[in-house]
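Read-outs: derived from the displayed coordinates by stated rules, not from any lab. In this text the structure is predicted, and so the values were computed from the model without any measurement. Glycine gets a Cβ as well: all are built from the backbone with ideal geometry, and neighbour counts include every protein chain shown.
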Amino acid sequence: MGFFKETIRNVPLSGDTVLVRADYNVPLDNEGNISDDLRIKASLPTLRYLLKRGCKVVIISHLGRPEGHEKKYSLEPIANRLSELLKKEVTFVDDTVGDTVYQAVRRAPKNSVLLLENLRFYEEEEKDSHAFAKAIVRSTRAAYFVQDGFGVVHRAHASTHALTLYLPSVAGLLLEKEYSTITKAMSAPKQPLVAIMGGAKVSDKIGVIERFVAIADKILIGGAMANTFLAYRGLGTGASKVESDQKETLDRLYTAAAAKVGAGNVDDFIILPVDVAVAPRIDPSEKRHIRAVTAIAADDIALDVGDKSIEIIAAHIASAKTVIWNGTLGYAELPEFAHGSARLALALATHPDIKSIIGGGDTADFALKWDGGTGNSFSHVSTGGGASLDLMAGKKLPGVESLLDARN
Ligand code: ADP
Ligand code: 3PG
Ligand code: MG
């Protein structure tokens, strides 16, 4: 089954001016340095494809959530990094619409790259403003629009929706790869499919967990999310982070699980930790103390899955053919509480026959750092946070829906 939208491969491009929406919303450290350039690297195949065809490539993106024109969210440092990675000059244009943009694009030769300033310096972007979209088209005189910002296609903004009404709009290679890989794993996975859900909140991810109840062979739960499940099952969770308002949601989830596997088998289907690593406070000096989930004390904060649970998780991985992982298994910012996530990463890395898909902003960051920045130990590390969750949950993505349908 091919991708259901037209891509850059299906349009006759040669020497055209092409507007490319990338998602260069990359994490920056306190000094404003790029701390992870996965999203920039992932955009290169589309850019190279267009350059090979002599196009003038005009890239647009957002960075952060600025309130108006906030210099610290300028895309200029991204232009520099992109230029290093592409081994080619990238002209940074310090506006997004208007005469500065028009002149810069007009002057640029064929087979060149320009990056325009942060879309969100204009409040019209997030309002899905048609006037703003038209102004971008007028300023660039682009012939095509290429959506390649997978991480942002769950938003209906000017650069993901309104623009597509004014230019023939197709998908870039990153968007196609992300969409196809994730939907294939969700709709026709090699089985057994083991889903691993962790991270901060059940409420952030309930749509995905519900999909997994329908399609997965096992669902392993970790992270702060596991505390909410343990509390729901009547266990004491001490001073751990717990969402107290998820009873109805979890009632619904367990009812669906019981209908699928039988009431007596739910605990072998939705698998909760048997032990947790706790500390009295969240601090780099704290060591992990292991507690059975039946023995969590009042002042314990559960910050990772415990050592027995880690072995159980690794054993489930060993018998999987597809693993989809979303959400760290603990407070992985602190190495003491990253054991679960690290052991899981290792299990995936040492079973190259398993199709492993990693989604979620913090989870992808963790997996990449664990892997020395390459992501090569996994089949697919998604560049999308919210977008990959929405796609896995089966929601329609406005930035994809609005592209031209594939003709087949
Ligand atoms: P993603 O961005 O990959 O979707 P989330 O944002 O849901 O993941 O979850 C990652 C966050 O969850 C991290 O900041 C991590 O510290 C936090 N977290 C995971 N486990 C725990 C825990 N047991 N207690 C507190 N925070 C946790
Ligand atoms: C992301 O990082 O999830 C995307 O770039 C979207 O950013 P946003 O959540 O600020 O819309
Ligand atoms: Mg997160």
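Per-residue Karplus couplings for segment 22-30, computed as 6.51 cos²θ - 1.76 cosθ + 1.60 with θ equal to phi - 60°, are listed in order as 10, 10, 9, 7, 9, x, 10, 7, 4 Hz, Gly and Pro entered as x.
As a rough footprinting exposure proxy, the listed residues 203, 159 were ranked by other beta carbons within 10 Å of their own, and the order from fewest upward is 203, 159. Kindly list the residues of segment 164-180 that lie in the label zone of residue 9, defined by a backbone N under 16 Å from the point 7 Å along the Cα-to-C-beta vector. Answer for segment 164-180: 170-180. Among residues other than residue 234 with Cβ under 15 Å from its Cβ, the summed charge is 0 (Lys and Arg +1, Asp and Glu -1). For the pair residue 393 and residue 369, label points projected 7 Å from Cα toward Cβ lie 2.6 nm apart. Taking a quarter of the surface of the Cα convex hull of segment 294-357 gives a mean projected area of 4.9 nm². Converting the Cα gyration tensor eigenvalues of the chain into ellipsoid dimensions via √(5λ) gives semi-axes, longest first, of 42, 22, 19 Å. For the pair residue 318 and residue 251 in one chain, pulling the backbone fully straight at 0.36 nm per residue adds 21.1 nm over the alpha carbon distance.
Residue exposure proxy: 87, 56, ordered by other Cβ atoms within 10 angstrom of their Cβ from fewest to most, comes out as 87, 56.
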